[in-house]
Amino acid sequence: MRSLVAGNWKMNGLASDALDRAQAICAKAGDGLPCDVLVCPPATLIGTMTRAFQDSGITLGGQDCHAEDSGAYTGDVAAPMLADLGCSHVIVGHSERRRDHAESDALIASKAAAAHRAGLVAIICLGESATEREEGRASDVVSAQLAGSLPPGATPDNTVVAYEPVWAIGTGNTATPADVAEIHALLRQQLVAALGEDGNNVRLLYGGSVNAGNADELLAVDHVNGALVGGASLKPDDFWAIVSAGRSA
Ligand code: PGA
């Protein structure tokens, strides 16, 4: 299956530097995209970035959405608003939202369902903490997160699952290929049990300190169909090295 490399810019960027970054990425994309490429800028920049990435083949995504389509939810962004700005995807359940906003699996499933109603692909994130891994509970934790966060009606066309061990995010500590292989095989098995044959075609991304130096190795792991990239996605050269690794994934 064609892999997907997604950049999560998190809460970084003002129009001026984001436009410079977009221009640098577009220059690299000029020779064609080796895999599907997605950029998830802060909500404030999505409109500007939709224009900046126009005709590049690179698609845009949100970093979160509300579970409702509209209403009295000050400060929140609804999935139809992201679609209206030209987004094709939205990340839901990122560990930083689970941690900082106490998001539960049930809420994340509702957000993913909202994304689907708006015609967006939901990138559902999950991953164990350092303590959970040390206690030997990594498999149980991610398995429970997937069961709780996958909404009814999930298909390979509207859902991507990203395994992002919390202890690997922004730390420079990457999971070993063997650990990634074990969790991705488990997630694949669980997706097939939940969705039948379709479960084989849901893209599974790895995220957590993916960089230009380790992307080839991580993207070569069985059942890794791409990467969700934080820090390195802010550096066009590094991001493009990861995108290039997606060619052979
Ligand atoms: P990182 O972030 O690549 O900076 O570790 C990944 C993520 O949070 O999606």
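The values are calculated or read from the model by the stated rules, or taken from the named source; none is laboratory data. Quick caveat: nothing in here was measured; it's all calculated off a predicted structure. Positions of Cβ are generated from backbone atoms using ideal geometry, with glycine treated the same way; all protein chains shown enter the neighbour counts. For accessibility, only protein heavy atoms count, side chains too; no ligands or nucleic acids. Shrake-Rupley method; radii C 1.70, N 1.55, O 1.52, S 1.80 Å.
Restricting the stretch 78-116 to residues that are farther than 19 Å from ASN158 by Cα and either in contact with an Asp or Glu (Cβ under 8 Å, 6 or more places away or on another chain) or touching a residue at least 40 places away in the same chain (Cβ under 8 Å) (or both), the residue that is farthest from the ligand (Cβ to nearest atom) is SER104.
So that you can scan it fast, the table gives a plain yes or no per residue for (1) open to solvent by less than 20 Å² (accessible area, probe 1.4 Å); (2) within 16 Å of the ligand (Cβ to nearest atom):
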| position | (1), (2) |
| --- | --- |
| LYS10 | no, yes |
| ALA18 | yes, no |
| ILE46 | yes, no |
| THR50 | no, no |
| GLY57 | no, no |
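Would you please name the residue that is most open to solvent (accessible area, probe 1.4 Å), looking only at residues in the stretch 150-173 that are closer than 21 Å to VAL229 by Cβ and hydroxyl-bearing (Ser, Thr, Tyr)? Checking each candidate, the answer is THR171. Filtered by the rule that a residue be within 10 Å of the ligand (Cβ to nearest atom) and not aromatic (Phe, Trp, Tyr), the stretch 201-219 gives LEU205, GLY207, GLY208, SER209, VAL210, ASN211. Please go through the stretch 102-140 and give me each residue that is open to solvent by less than 20 Å² (accessible area, probe 1.4 Å) and in a helix (DSSP H, G or I), ordered by number. Result: ILE108, ALA109, LYS111, ALA112, ALA114, ALA115, ALA138. Scan the stretch 154-166 and give yes if some residue there is at positive phi, in contact (Cβ under 8 Å) with a residue 60 or more places away in the chain and part of a loop (DSSP other than H, G, I, E, B), otherwise no. No, there is no match, as no residue in the stretch 154-166 is at positive phi, in contact (Cβ under 8 Å) with a residue 60 or more places away in the chain and part of a loop (DSSP other than H, G, I, E, B).
When you go through ASP222, ASP237 one by one, which is the residue that is within 16 Å of the ligand (Cβ to nearest atom) and open to solvent by 10 Å² or more (accessible area, probe 1.4 Å)? Break it down into steps so the answer makes sense when it comes.
Values: ASP222 fails: within 16 Å of the ligand (Cβ to nearest atom).
Residue meeting the stated conditions: ASP237.
I'd like to check something: does the stretch 70-90 contain any residue that is at pLDDT 95 or above, within 17 Å of TYR163 (Cα to Cα) and assigned to a strand (DSSP E or B)? There is at least one residue in the stretch 70-90 that is at pLDDT 95 or above, within 17 Å of TYR163 (Cα to Cα) and assigned to a strand (DSSP E or B). When ARG188 is tested against (1) closer than 24 Å to GLY136 by Cβ; (2) more than 16 Å from the ligand (Cβ to nearest atom); (3) crowded, with 21+ Cβ neighbours inside 10 Å, just one condition goes unmet, and that condition is (3).
The set of residues in the stretch 16-51 being of a type in the set (D, E, K, R) and assigned to a helix (DSSP H, G or I) consists of ASP17, ASP20, ARG21, LYS28, ARG51.
Condition test on LYS10, is it assigned to a helix (DSSP H, G or I), out of contact with any strand residue (DSSP E or B) (no Cβ under 8 Å at 6 or more places or on another chain) and in contact (Cβ under 8 Å) with a residue 40 or more places away in the chain? Full working, then the answer.
Working: assigned to a helix (DSSP H, G or I): no; out of contact with any strand residue (DSSP E or B) (no Cβ under 8 Å at 6 or more places or on another chain): yes; in contact (Cβ under 8 Å) with a residue 40 or more places away in the chain: yes.
Considered against the rule, which asks whether it is assigned to a helix (DSSP H, G or I), out of contact with any strand residue (DSSP E or B) (no Cβ under 8 Å at 6 or more places or on another chain) and in contact (Cβ under 8 Å) with a residue 40 or more places away in the chain, LYS10 comes out as no.
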